[in-house]
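First up is the structure itself, then whatever we jot down about it.
The values are calculated or read from the model by the stated rules, or taken from the named source; none is laboratory data. Because the structure is predicted, anything quoted here is derived from the model rather than measured. All Cβ positions, even for glycine, are placed from backbone atoms using ideal geometry, and neighbour counts span all protein chains on display. For accessibility, only protein heavy atoms count, side chains too; no ligands or nucleic acids. Shrake-Rupley method; radii C 1.70, N 1.55, O 1.52, S 1.80 Å.
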Amino acid sequence: MLETKDLTIRFGGHVAVNAVSCTFAPGTLTAIVGPNGAGKTTYFNLISGQLKASAGEVLLNGHNLTGQSPSARTRAGLGRAFQLTNLFPNLSVLENVRLAVQATQGGAHLRGLNLWSIWSDHRALTDRAHAILETVAMRGKQDQTVSSLPHGDQRKLEVALLMALDPAVYMFDEPTAGMSHDEAPVILNLIRALKKDKTKTILLVEHKMDVVRELADRIIVLHNGTLVADGDPATVIASPVVQEAYLGVAPTVEGANA
């Protein structure tokens, strides 16, 4: 279980995330929504370690990750996909995935050129990379250089890298951002497939409410860095605080004059 306790960050006098306490259980997909500037991505950055918290804690299965680096949190089981792809652009598709598979092997961390020299002796790693590329429908593009891929394929590849790391927690920050109408369903189908594994926890920052309604088991709403709603999708989306904060709809006052 992932947990944040009073997680807070201040930039000067501005509180971007304000004492957010939440738990995220395995087998659930939680959507994090809110208007622009609400603190959603900042909250993600605090969880994954890209930002250092001013106060509060991040725990995974009872282990305190608060002072750990992003790479240490990844090894602990936090997998993060970014709004912008975070890939090795000059390597091939297969090499990107194989690097991620290699990184999960006990004691076999990246060691510069030593890694390249031992790949031929690790057929199992290559087979695993091939299987993952098959899952994301990219086996046919395994030899292409990542920088030559269209944006949609780069997003698919980033999901493949996360799958290779096999994290306990998948964190997706607007996974369909910048994708065409035809490309987006591929990513959403991958997330649906990941959701079937009830040992995994999935967090999703997403602006598209139709995606949220379909995928989420639970919605939490941030507004001005504060947690203002938490519950099942139907209840949260219909709540007055969400209608006002997220959709910009003023709550109706019964009995008010027309």
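Observations, loosely collected:
- Matching strands (runs of 3 or more DSSP E) fully within region 1-46 where at least 2 residues are basic (Lys, Arg): 2-11
- Verdict on LEU51 being aliphatic (A, V, I, L, M), outside any strand (DSSP E or B) and open to solvent by less than 30 Å² (accessible area, probe 1.4 Å): no
- Residues (of a type in the set (S, T, N, Q) and open to solvent by less than 30 Å² (accessible area, probe 1.4 Å)) located in region 68-96: SER92, ASN96
- Subset of region 2-40 [of a type in the set (Phe, Trp, Tyr) and without any contact (Cβ under 8 Å) to a residue 60 or more places away in the chain]: PHE11
- If you go through region 57-67 and pick out every residue that is open to solvent by less than 30 Å² (accessible area, probe 1.4 Å) and in contact (Cβ under 8 Å) with a residue 24 or more places away in the chain, you end up with 3.
- Residue list for region 164-179, filter: open to solvent by less than 30 Å² (accessible area, probe 1.4 Å) and without any contact (Cβ under 8 Å) to a residue 40 or more places away in the chain: THR176, MET179
- Residues that are part of a helix (DSSP H, G or I) and closer than 19 Å to ALA25 by Cβ were ranked within region 204-234; the one that is most open to solvent (accessible area, probe 1.4 Å) is PRO233.
- Search result, residues across region 128-162 that are in contact (Cβ under 8 Å) with a residue 60 or more places away in the chain and under 16 Å from ILE191 (Cβ atoms): ARG155, LEU157, GLU158, VAL159, ALA160, LEU161, LEU162
- Complete set of residues in region 143-158 that are open to solvent by 30 Å² or more (accessible area, probe 1.4 Å) and not in a helix (DSSP H, G or I): ASP143, GLN144, THR145, PRO150
- If the condition is being in contact with a helix residue (DSSP H, G or I) (Cβ under 8 Å, 6 or more places away or on another chain), hydrophobic (A, V, I, L, M, F, W, C) and more than 16 Å from ALA216 (Cβ to Cβ), then region 3-37 contributes LEU7, ILE9, ALA16, VAL17, VAL20.
- LYS200 meets each of the listed conditions (1) buried (at least 21 other Cβ atoms within 10 Å of the Cβ); (2) under 16 Å from LEU78 (Cβ atoms) apart from (1).
- On the stretch given as region 168-203, residues that are among the hydrophobic types (A, V, I, L, M, F, W, C), part of a loop (DSSP other than H, G, I, E, B) and under 10 Å from LEU29 (Cα atoms) total 0.
- Flag if ASP182 is open to solvent by 50 Å² or more (accessible area, probe 1.4 Å), in contact with a strand residue (DSSP E or B) (Cβ under 8 Å, 6 or more places away or on another chain) and free of Cβ contacts under 8 Å to residues at least 60 places away in the same chain: no
- Subset of region 14-41 [open to solvent by less than 30 Å² (accessible area, probe 1.4 Å) and polar (S, T, N, Q)]: THR30
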